[in-house]
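A quick write-up on the structure given underneath.
The values are calculated or read from the model by the stated rules, or taken from the named source; none is laboratory data. Keep in mind it's a predicted model, so treat the numbers as computed, not measured. All Cβ positions, glycine included, derive from the backbone under ideal geometry; neighbour counts span all protein chains shown.
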Amino acid sequence: MRITFDPRAADDLAAQIEYLIDNQALPAALHLKARCDAFFEKFLTRHPRAGKHIAGKDIWETWIPGTRLVVWYRFTNAELQIIRIWHGAQDRTQE
């Protein structure tokens, strides 16, 4: 299954990583990026229905284990589309 990122999702993840780097936490930033990549590639592509379906938006939501990040995504048989990524403390009710 191919993984694609909506430009907002790519920006969301980059902002989380940049925040860590800006706060002198380069090892944590590298670890977060690796954890996210592994979760998408090794788990979510194989188990896309593992998240919670949000019927009103026709999307799925899940937490990335070992992080405080929440992901919104869609999928088909051929593609996993990452739509948004938030820190758990961020307000996502306006989306």
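Quickly run through the range 54-85 and pick out the residues that are touching a residue at least 60 places away in the same chain (Cβ under 8 Å) and small (Gly, Ala, Ser).
Across the range 54-85, the qualifying residue is only Ala78.
Can you give me the ranges of the strands (runs of 3 or more DSSP E) entirely in the range 26-95 with at least 2 residues that are surrounded by fewer than 17 Cβ atoms within 10 Å (Cβ to Cβ)?
In the range 26-95, 52-54, 79-87 are the strands (runs of 3 or more DSSP E) which contain 2 or more residues that are surrounded by fewer than 17 Cβ atoms within 10 Å (Cβ to Cβ).
Suppose we filter the range 16-50 for residues that are closer than 22 Å to Glu79 by Cβ, small (Gly, Ala, Ser) and at pLDDT 95 or above; how many remain?
The total comes to 1.
So, Phe40, is that one within 10 Å of the chain's Cα centre (by Cα) and more than 19 Å from Gln90 (Cβ to Cβ) or not?
Criteria met by Phe40.
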